[in-house]
Each structure stands twice: as structure tokens, then as C-alpha cells.
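Chemist: Below is the structure I would like to discuss, written out as C-alpha cells.
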Amino acid sequence: MKKIKVMSVFGTRPEAIKMCPLALELASRSEFDSTVCVTAQHREMLDGVLSCFGVQPDFDLDIMESGQTLSTITTKILTLIGPVIQKVRPDVLLVHGDTTTTFASALAAFYERTAVGHVEAGLRTYDRYSPFPEEMNRCMVGRLAQYHFAPTAQNRRNLEREAVTGQIFVTGNTVIDAMKYTVRGEKFDCEALHHVDFSRRIITMTCHRRENYGAPMESIFSAAAELARRFPDTLTIYPVHLSPTVRECAARFLTGIDNIMLIDPLDAMDMHRLMSRSYMVMTDSGGIQEEAPALGKPVLVLRRETERPEAVEAGTVKLAGVGRDNILALASGLLTDEAQYSAMAHAVNPYGDGHACERIAQALLHAFGMADAPEDFAV
Ligand code: UD1
Ligand code: UDP
């Protein structure tokens with residue numbers, strides 16, 4: 001039997017967390033000949049995830065440089081990935097989400113007349129500059145891809161409105177599959193967390209988005225600093241992204257405050273342990289907006305919009321914006337009003353059931369005439 005040749009390409013931490021379970025699923029099935037190519041748009045943060053999941057890439061483009069620009073990431077990937085595609089000649093190249101790795105790899109596959117499958121397709125804010133450049137990246141990949149793996153029914157509707165060509169499957173988000181690997185045990189690998197008193201109310205915080213660089217990030221950090229001062233019983237733990245822009249700003253606003261801990265990025269297992277032992281989460285991350293609701297933790301989203309309205313509708317996520325006063329008001333409400341807190345602190349899982357990778361594998365078999373289409377994921 002001829003195998004379907006699938007090449008999965010990813011490069012940043014969140015893509016790796018969401019693609020490793022899929023790479024493992026494809027590798028475990030005899031119908032596929034699966035290869036993994038990493039761009040290493042992130043280096044350390046990618047390698048941590050690869051070792052967490054035990055995934056060994058077949059190709060590593062090793063492109064990361066400190067303070068890289070969107071243009072250098074794009075041009076390096078375009079230049080380096082073509083020869084890999086020519087060597088492997090996959091039947092389909094899988095990309096994930098909305099990073100510059102995603103867009104550049106999909107474009108390179110198109111140049112090689114190779115079919116593209118888009119995992120986590122159809123998320124939209126309809127604001128081309130927010131998130132930047134991710135909204136445009138995912139729209140462009142929507143045009144380039146033939147197979148669209150939409151996490152939710154809402155994501156499918158977005159793609160249908162744009163009349164994308166090819167086939168759309170509603171699969172759930174592979175992040176929920178990833179949590180089957182990562183959510184286990186209570187003991188942290190990170191030494192800094194061994195000494196934390198978890199009887200305190202822990203606020204897990206992250207912030208890294210490009211559109212938040214500058215004034216919005218300063219406003220967010222100023223709110224976090226003030227929140228810590230007003231609620232001395234809380235402990236904010238912030239694993240700071242390795243971006244030099246983020247680290248400089250976090251150091252300026254958040255060092256020297258007793259109940260704020262700035263630490264290095266955590267591996268995925270520790271991060272999920274930390275969230276599950278937290279009181280609440282404040283973040284501008286996409287992936288964390290999907291994970292924290294599954295863990296029953298209220299989330300304040302530190303952005304003006306979100307492409308993930310499902311958990312907002314379910315009541316566990318609130319859009320806090322980037323204004324200091326609004327963030328402070330919403331966070332203070334969660335810390336003082338029990339009714340408000342318990343209304344948000346219930347586990348919901350609008351993003352998946354842990355079987356997204358199986359559905360994607362079956363959808364690929366279907367696309368190549370080897371199986372029925374999978375049933376859509378439904379909440
Ligand atoms: C990228 C993605 C963003 C995603 C985020 C996840 C784009 C345009 N942006 O943004 O969608 O939400 O990843 O975290 O694709 N760095 C290191 N080591 C690492 C990782 C990063 O030193 O392991 C530093 C480097 O100086 C690098 C900088 O962080 O130049 C920024 O990384 P980059 O991938 O360009 O942007 P992110 O903000 O991480
Ligand atoms: N994450 C992690 N360690 C950290 C911070 C985040 O493993 O120190 C995980 C988090 O649980 C989620 C993913 O990284 O799975 C989100 O990545 P990020 O916020 O960098 O990107 P986004 O999802 O916003 O694109």
C-alpha cells in the first residue's frame with residue numbers, strides 16, 4: 001500500500017505544543033510516512049517542547065537570531081525550506097496557526113506545487129493589524145491551503161464566508177490533545193517554583209504580542225504592578241518570554257516588587273502545572289486562552305480583541321483590553337467578589353475533546369480516498 005507522505009513544519013513554542021501530538025499520531029499510523037521539519041524560529045523555547053514530547057525533527061533550518069524581524073524570518077525560511085520540500089516531495093505539507101513560520105512555509109510549499117494542510121484554520125479577528133502580523137498570516141494561509149482543519153464550528157463558518165477553496169474539517173484544537181501529555185503530577189521541574197507557597201492566591205501572567213510592544217505593554221505591566229501592591233496576599237508569577245523587547249519592558253516595570261516573580265519561560269509541563277495551581281490567569285497568549293478554561297481557571301485577556309470568542313461566550317474568559325484602569329477593575333473584581341470569581345471558575349472545553357489529531361489523520365486519509373470523512377467535533 002502506498003503511504004501518504006506528510007511533512008509537518010513548525011518553528012515556535014505554541015506551534016510545537018500543538019503539532020507534536022499530531023506528529024506522534026501520524027508517526028504511529030502505518031498509512032503515513034511522516035517527517036518533521038522545524039524552522040527554529042524559536043530556538044530554546046522550541047527545543048524544550050521537542051524534548052517534552054520526545055519528537056526528533058528530521059530537518060532543522062535553525063533560523064533564529066536575536067531581535068529578528070518579520071522580513072528576516074520570512075526570507076530565511078523561504079530560502080531554506082524549498083530544498084527540503086524538493087528532497088522529501090511530500091504529498092501534503094502541514095502548517096499550524098498564524099506565525100511567520102506558518103505563512104512562509106505554506107508559501108514555499110505553494111511554489112513547489114505541494115498541497116498545504118492548515119491546522120488551526122479559520123480563527124479571525126477581522127482586524128488586519130491585531131494580532132499583528134498573525135491575522136494576515138492566517139488569512140493568507142487560508143488562500144494557500146487545500147485542507148483546512150478548523151478547531152470549532154465558528155472557525156469553519158469564518159472560512160466559508162471567505163469562500164476558501166478545498167476541504168474544511170472541524171476537528172477540535174490539538175492543544176487539548178497536547179494536555180493529555182502535559183497535565184500530570186504536581187512537582188515542578190523549575191527550581192524557582194519549589195519554594196513558592198501555593199496556599200497564596202497565585203496569578204499566572206504572560207505577555208508577549210508584537211501589537212502590545214510599547215505603550216500597551218507598559219500599561220499592562222503598570223496594572224500588574226499596582227494589582228500586586230493592592231493585593232499583598234497574591235503572588236504574580238510571570239515566566240517572561242525570551243524576546244529582548246518584552247524582557248526589557250518587564251524588567252523596567254516589574255522588578256523589585258515582593259509579590260511579583262519574574263522567571264524564565266517554563267517547559268510546557270511546568271506551565272500547565274502552574275496554571276492548574278493558580279487562582280487566575282492574565283495573558284495576551286492565544287494558547288493559554290484555550291488551556292486555562294479547560295483547567296477551570298478564569299482568564300483576563302490582555303488584548304483589545306480575541307479570535308477565540310468561544311470561551312468568552314462560555315463565561316470563563318473576559319477581554320480586559322490593554323488599559324490600566326480596566327485591567328485593574330476586572331482583576332480586583334475577581335480577587336474580591338466570590339460570586340464573580342465562581343461564575344468564571346468552571347471548567348469548559350469549547351476547543352476540543354482530545355481527539356483532534358485522530359480526526360486530522362482520518363481527514364487526510366479521506367482526502368486521499370482511503371477513509372470516510374471524520375465526524376465533526378462538536379461541543
Ligand atoms: C512568535 C510569533 C507569535 C507567537 C509567539 C509565541 C510571529 C511573527 N510571531 O512571536 O505569533 O505568538 O512566537 O511565543 O511569528 N527568542 C529567543 N529564544 C527563543 C525564542 C525567542 O531568544 O527560544 C527571542 C529572540 O531574540 C527572537 C525574539 O525572541 O528574535 C522574538 O521571537 P519571534 O519568533 O520573532 O517573535 P515572538 O514574539 O516570539
Ligand atoms: N507556555 C509554556 N511556558 C511558558 C509560557 C507559555 O510552555 O513559560 C505555553 C502555554 O502553556 C501555551 C503556549 O506556550 O501552550 C503558548 O505560547 P505563547 O503564549 O508563546 O504563544 P501564543 O499561543 O500566544 O501564540
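The values are calculated or read from the model by the stated rules, or taken from the named source; none is laboratory data. The shown structure was predicted, so the numbers you read here are calculated from the model rather than taken from an experiment. Here the Cβ positions follow ideal geometry from the backbone for every residue, glycine too, while neighbour counts run over all protein chains shown. Remember, those area values only see protein heavy atoms, side chains included, never the ligands or the DNA or RNA. Shrake-Rupley method; radii C 1.70, N 1.55, O 1.52, S 1.80 Å.
Chemist: What does the charge count around residue 233 come to, taking other residues whose C-beta lies under 14 Å from its C-beta (Lys +1, Arg +1, Asp -1, Glu -1)?
Modeler: Overall, the nearby charge balance is +2.
Chemist: With contacts defined as alpha carbon pairs under 8 Å and 6 or more residues apart, what's the relative contact order of the chain in percent?
Modeler: 15 percent
Chemist: Would you mind getting me the FRET efficiency between residue 5 and residue 111? Use the beta-carbon distance for r and R0 = 25 Å, nearest 0.05.
Modeler: Calculated value: 0.90.
Chemist: Cα to Cα, under 26 Å, and not fewer than 8 places away if on the same chain: which lysines meet these conditions relative to residue 318?
Modeler: 18, 180, 297
Chemist: For the range 245-336, state what percent of all Cα-Cα pairs lands in each successive 5 Å bin, counting from 0 Å until the bin that includes the largest distance.
Modeler: All Cα pairs, binned at 5 Å, distribute as 3, 12, 21, 24, 24, 13, 3, 0 percent.
Chemist: Summing Lys, Arg as +1 and Asp, Glu as -1, what charge do residues with Cβ under 13 Å from the Cβ of residue 88 carry, residue 88 excluded?
Modeler: In short, 0.
Chemist: Can you pull the percent of the chain's accessible area that's carbon plus sulfur, 1.4 Å probe, other chains left in place? Spell out each step's value before the answer.
Modeler: Working: 7640 of 14760 Å².
Exposed carbon and sulfur together represent 52 percent of the surface.
Chemist: Between 306, 236, 55, whose Cα lies farthest towards the positive end of the dipole of the chain when Lys and Arg beta carbons carry +1 and Asp and Glu beta carbons carry -1, centred on the Cα centre?
Modeler: Positive-most Cα among the choices belongs to 306.
Chemist: Using a 1.4 Å probe, what is the accessible area per residue for the range 234-291, in Å²?
Modeler: Ligands and nucleic acids excluded, the result is 30 Å² per residue.
Chemist: Suppose all protein chains stay in the model; what accessible area per residue would a 1.4 Å probe give for the range 143-210, in Å²?
Modeler: For the range 143-210, the solvent-accessible area averages 46 Å² per residue.
Chemist: What's the percent breakdown of Cα-Cα distances in the chain across 10 Å bins, shortest bin first?
Modeler: With a bin width of 10 Å, the distribution comes to 5, 25, 34, 24, 10, 2, 0.
Chemist: Evaluate the relative contact order of the range 213-337 (contact order divided by residue number), counting alpha-carbon pairs under 8 angstrom at least 6 apart; express in whole percent. Don't skip to the end; give the middle numbers.
Modeler: Working: 165 pairs, mean separation 30.2, N = 125.
Result for the range 213-337 is 24 percent.
Chemist: Can you give the net charge of the other residues whose Cβ lies under 13 Å from the Cβ of residue 30, counting K and R as +1 and D and E as -1?
Modeler: Details: positive: 2, 3, 29; negative: 25, 31, 33.
That sum, taken over residues with Cβ under 13 Å, equals 0.
Chemist: Follow-up. Between residue 251 and residue 128, what is the FRET efficiency for a Förster distance of 41 Å, r being their Cβ-Cβ separation, to the nearest 0.05?
Modeler: Efficiency for this residue pair is about 0.85.
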